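For reference, the structure is listed below as C-alpha cells.
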There are 2 protein chains.
Amino acid sequence: PVPGSDQVNMPTQLEIAMNIMIRIFHQYSCKEGDRFKLNKGELKMLLQQELTEFLSCQKDPQLVDKIMQDLDANKDNEVDFNEFVVMVAALTVACNDYFVEQLKKKGK
Amino acid sequence: PVPGSDQVNMPTQLEIAMNIMIRIFHQYSCKEGDRFKLNKGELKMLLQQELTEFLSCQKDPQLVDKIMQDLDANKDNEVDFNEFVVMVAALTVACNDYFVEQLKKKGK
C-alpha cells in the first residue's frame, strides 16, 4: 500500500454540516415514541432549542408557526428525517436569500 | 433592559450547519461567471473537494455521476443555491438511511 494511503482524512466542512443534521434529528427523535421520527413535542423542542436565534434573524416571527401548520397538514403528527431535512433546506434557502439581498444592497 | 438580554448568543449546532452550507456554496459560486450560481466546473470542484470522503462512505461510486446527470437534464449548466441545498438534503437522507440501517442491524 502507498504510505499514508490508509490515513483517516479529516471530514470537510460540508460533511460536518451533514453529520450535524443527522445527529441533531436523532438527538430529539429518540426522546419518546418512534425513535426514528419526531412527534410534535420533539419537533417543537428541536425548533425552540436549535433554531431560535437563526429564526429571529429572519425577522419573520410566524415562520415556526407556518412550519408547524405545514406539518399539521399531513395529520400524522410525525416528522421523519426526510421531512426534517426538507425543512432545514427551506430555512437555509430563506437565510441565503436574505444574505444575498444584503450583499447586493452593498453594491458591486 | 433586562441585564444580559443584549448578549450575543452562541449559534447552535444546527445553525452552524446551515451557515456552512451557505458559506461553502458562495466559496465556489464566486469563482467564475455568475457569482450566485455554480457552473459545471465549480460544482465538480465543490463535490470533489467537499464531499469525496462522505460519498466514498456511501459505497456508491456512481452517486456523483448521477447528480451531474440530473443537473445536465435542465440544460442551463448552472446550479443555484436552492438546487444545491436540495442536493445536499438528498445526500444527507441517503447517509441517514445508511446510519439507521446500521443501528437497526445492531439490534434492540
TODO: Per residue of A:96-103, count partner chain C-beta atoms within 10 Å of its C-beta, then hand back the mean as an integer.
DONE: 3
Open item on the list: Label position 7 Å from Cα toward Cβ: report the copy-to-copy distances for A:ASN77 in nm, one decimal, ordered from shortest.
Closed with: 5.3
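Within a Cβ distance under 13 Å of A:ARG23, other residues only, what is the Lys/Arg minus Asp/Glu net charge?
Numbers: positive: none; negative: A:GLU15, A:GLU50.
Local charge sum for A:ARG23: -2.
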Open item on the list: Run the label-point distances for B:LYS66 please: 7 Å along Cα to Cβ, every other copy, nanometres, shortest first.
Closed with: 3.2
Task: Theoretical gain in end-to-end length, B:LYS106 to B:ASN82 [0.36 nm per residue, Cα-Cα removed] - done: 5.0 nm
Task: Nm distances between copies for B:ASP97, ranked from closest, using label points 7 Å along Cα→Cβ - done: 2.9
- [ ] Multiply the residue separation of A:MET10 and A:ARG23 by 0.36 nm, subtract the distance between their alpha-carbon atoms, and state the gained length in nm to one decimal.
- [x] 2.9 nm
Task: Subset of A:LYS31/B:LYS104; A:LYS104/B:LYS40; A:LYS31/B:LYS44; A:LYS37/B:LYS44; A:LYS37/B:LYS106; A:LYS37/B:LYS31 violating a 29 Å alpha-carbon distance limit - done: A:LYS31/B:LYS44; A:LYS37/B:LYS44; A:LYS37/B:LYS31
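Every number in this text was worked out from the coordinates using simple rules, so none of it is lab data. Since the structure is predicted, the reported quantities are computational estimates derived from the model, not experimental observations. For neighbour counting, all protein chains shown are included, and Cβ atoms are generated from backbone atoms with ideal geometry for every residue, glycine included.
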